[in-house]
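Shown next, in structure tokens, is the structure this report addresses.
Bear in mind these aren't lab numbers, they're just calculated from the coordinates by the rules spelled out. If you're wondering where the values come from, they're calculated on a predicted model, not measured in any experiment. Counting neighbours? That spans all protein chains shown, and the Cβs are built from the backbone with ideal geometry, glycine included.
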Amino acid sequence: TKVIDRLRPGKTVFSVEFFPPRTDEEERQLWRAIRELEPLDPAYVSVTYGAGGSSRDRTVRTTGRIATDTTLVPMAHLTGVNHSIAELRHVIGSYAAEGISNVLAIRGDPPGDPMGEWIPHPEGITYAEELVRLVRECGDFCVGVAAFPHMHPRSPDLESDTRHMVNKLRAGADFSVAQMFLEPEYFLRLRDRLAQRGCHQPLLPGIMPITTPKVLGMTTQLSNMTIPDEVSAVLDPLRDDPAGFRTAGLEITTRLCEKLIAEGVPAVHFYSLNRAKATREVLENLGLSDGVLKG
Ligand code: FAD
């Protein structure tokens, strides 16, 4: 099943992102989360690809097991970091062999320091656009790409950021998933910029349920944004009150999702950190029925 066929016109569904477990305990935790989310009928679930290809086998194995042992539609991420094109073809072939028909094609970051100098593999790719073409060439895949409401941290300006995003979509991407953000306007402006250039592929907002100060910190670090004043005003006084912080954080997350659903987003994509609880609470707040969000 393709991700694109799981999106329902005029309705907002949801999807969930996991990372491949590194230890037996993480493995148990992931599978608890998968089993708790499965009955809620996410449109798809995705599994990330570790920096530098470090998780290659774990990503293939985890996504493959989701394909065979669950009713879920899996998507595997793939990055070009430290891989020759021959190796990338091999990984894409492993995905096909595991029954995976959805791939998120991403360039990736240099291992160690995400903002360090990008040195392409001598026989590899330099930009995600090339990976989109490669995945397309290798088989009948539904291909997603990453999008950046606050533009990519390496982009010198909005114009070049938009131009490269458009090229990535035109290279054959079926949909895109946005990096985290807290102000819907940034996401909606990105959607408008793409639509103005004729790119109408579904753009999914990426949402990290705010449960702890650490999670909030991760959100800002990865996304090139600063925390909006309204959010700081609510959460800063609660930094030493874990239960209060969590309740207020999930409330903020819920309000953000409601605004996006009202704007007609095709799906809300949750960065789950391999735990189901916070995502389930937000889904419950949003009124989930038959896999569709009421908002
Ligand atoms: P690109 O689209 O290649 O863009 C990178 C930069 O290059 C941008 O500034 C872009 O404007 C510029 N650019 C693009 N094309 C050109 C060109 N032709 N000429 C000049 N400049 C150009 N990382 C992981 O390691 N594993 C994961 O599983 C993972 N999953 C992710 C999932 C999502 C939804 C998101 C949003 C990010 C994810 N990342 C992951 C992080 C990602 O690897 C980084 O954001 C990375 O820095 C960029 O990848 P990209 O595919 O957006 O790169």
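Over all directions, what mean area does the Cα convex hull of segment 144-275 project, stated in square nanometres? Show your work: numbers first, answer last.
Values: hull surface 32.5 nm².
One quarter of the hull surface, i.e. the mean projection, equals 8.1 nm².
State the Cα centre-to-centre distance between segment 236-267 and segment 1-70 in whole Å.
Comparing the Cα centres of segment 236-267 and segment 1-70, I get a distance of 23 Å.
Which value, to two decimals, describes the C-alpha radius of gyration of segment 47-138 once divided by 2.2 N^0.38 Å? Please report the intermediate quantities before stating the final value.
Details: Rg = 12.8 Å, N = 92, 2.2 N^0.38 = 12.3 Å.
This ratio for segment 47-138 stands at 1.05.
Projecting each Cα onto the charge dipole of the chain (Lys/Arg +1, Asp/Glu -1 at the beta carbon, about the Cα centre), which of Val177, Asn102, Trp118 comes out farthest on the positive side?
Positive-most Cα among the choices belongs to Asn102.
Using every pair of alpha-carbon atoms in segment 226-266, split the distances into 5 Å bins beginning at 0 and state the percent of pairs per bin, rounded to integers.
P(r) over segment 226-266, rounded to whole percents: 5, 23, 24, 21, 14, 7, 5, 0.
So in the chain, what percent of DSSP beta bridges are antiparallel if you round to the nearest 5? Present the calculation step by step, with values, prior to reporting the outcome.
On the way: 3 of 31 bridges.
Among the beta bridges of the chain, antiparallel pairing accounts for roughly 10 percent.
Let me see the pair-distance distribution of segment 223-295: every alpha carbon pair, 5 Å bin width, integer percents in order.
3, 14, 22, 23, 22, 10, 4, 1
Percent relative contact order of segment 66-134, based on C-alpha pairs within less than 8 angstrom and at least six residues apart? Numbers along the way, then the final one.
Numbers: 86 pairs, mean separation 26.5, N = 69.
Across segment 66-134, relative contact order equals 38 percent.
Rounded to whole Hz and in sequence order, give me ³J(HN,Hα) for segment 217-233 from the Karplus expression 6.51 cos²θ - 1.76 cosθ + 1.60, θ = phi - 60°, writing x for Gly and Pro.
3J(HN,Hα) across segment 217-233, in whole Hz: x, 4, 4, 6, 4, 7, 10, 6, 10, 10, 5, x, 4, 4, 6, 4, 4.
Just to compare against my own numbers: the Cα pair-distance distribution for the chain, 10 Å bins, whole % per bin, please.
Going out from 0 Å in 10 Å bins, the chain shows 6, 29, 38, 24, 4, 0 percent.
222 nm [θ] for the chain, helices only, -39500 (n - 2.57) per DSSP H run of 4+, per residue, to 500?
Numbers: 11 runs with 131 residues, N = 295.
The helix-only estimate for the chain comes to -14000 deg cm²/dmol at 222 nm.
Count charges around Pro209 for me, please; just the other residues with Cβ under 10 Å from its Cβ, Lys/Arg as +1, Asp/Glu as -1. Walk me through the numbers before you get to the answer.
Numbers: positive: Arg246, Arg275, Lys277, Arg280; negative: Glu281.
With Lys, Arg at +1 and Asp, Glu at -1, the neighbours total +3.
For the chain, with only Lys/Arg (+1) and Asp/Glu (-1) charged at the beta-carbon, what is the dipole magnitude about the Cα centre, in debye rounded to 20?
Working: 33 positive and 39 negative charges, 111 e Å.
The calculated dipole for the chain is roughly 540 debye.
Counting other C-beta atoms within 10 Å, and keeping those with at most 13, which DSSP coil GluC sites (Glu not before Pro) do you find in segment 40-132? Each step should come with its number before you reach the end.
Working: sites: Glu87, Glu98, Glu117, Glu123, Glu129, Glu130; in loops: Glu98, Glu117, Glu123.
Those satisfying the criteria are Glu117, Glu123.
Give the cross-link partners of Lys214 among the lysines, using a straight C-alpha distance below 26 Å as the criterion and excluding same-chain residues fewer than 8 apart.
Within the straight-line limit of under 26 Å, Lys214 reaches these lysines: Lys259, Lys277.
Taking Cα pairs under 8 Å and at least six residues apart, what relative contact order does the chain come out at, in percent? Don't skip to the answer; put the middle values down first.
Details: 549 pairs, mean separation 64.5, N = 295.
Computed value for the chain: 22 percent relative contact order.
Could you sort the peptides 206-216, 142-152 by per-residue average Cβ neighbour count (10 Å cutoff), highest mean leading? If you can, show how the numbers build up before the last one.
Numbers: 206-216: 20.2, 142-152: 23.1.
Top of the packing list down: 142-152, 206-216.
The chain: longest stretch without exposed chymotrypsin sites (Phe, Trp or Tyr not before Pro) (DSSP loop, at most 15 other Cβ within 10 Å), sites themselves excluded? If you can, show how the numbers build up before the last one.
Details: sites that count: Trp118, Tyr127.
Between exposed loop sites, the widest span is 128-295.
What whole number of Å gives the distance from the Cα centroid of segment 213-229 to the Cα centroid of segment 173-190?
First find each Cα centre; the distance between them is then 15 Å.
In square nanometres, what is one fourth of the surface area of the convex hull spanned by the alpha carbons of segment 71-197? Present the calculation step by step, with values, prior to reporting the outcome.
Numbers: hull surface 35.2 nm².
With the hull built on Cα positions only, its mean projection is 8.8 nm².
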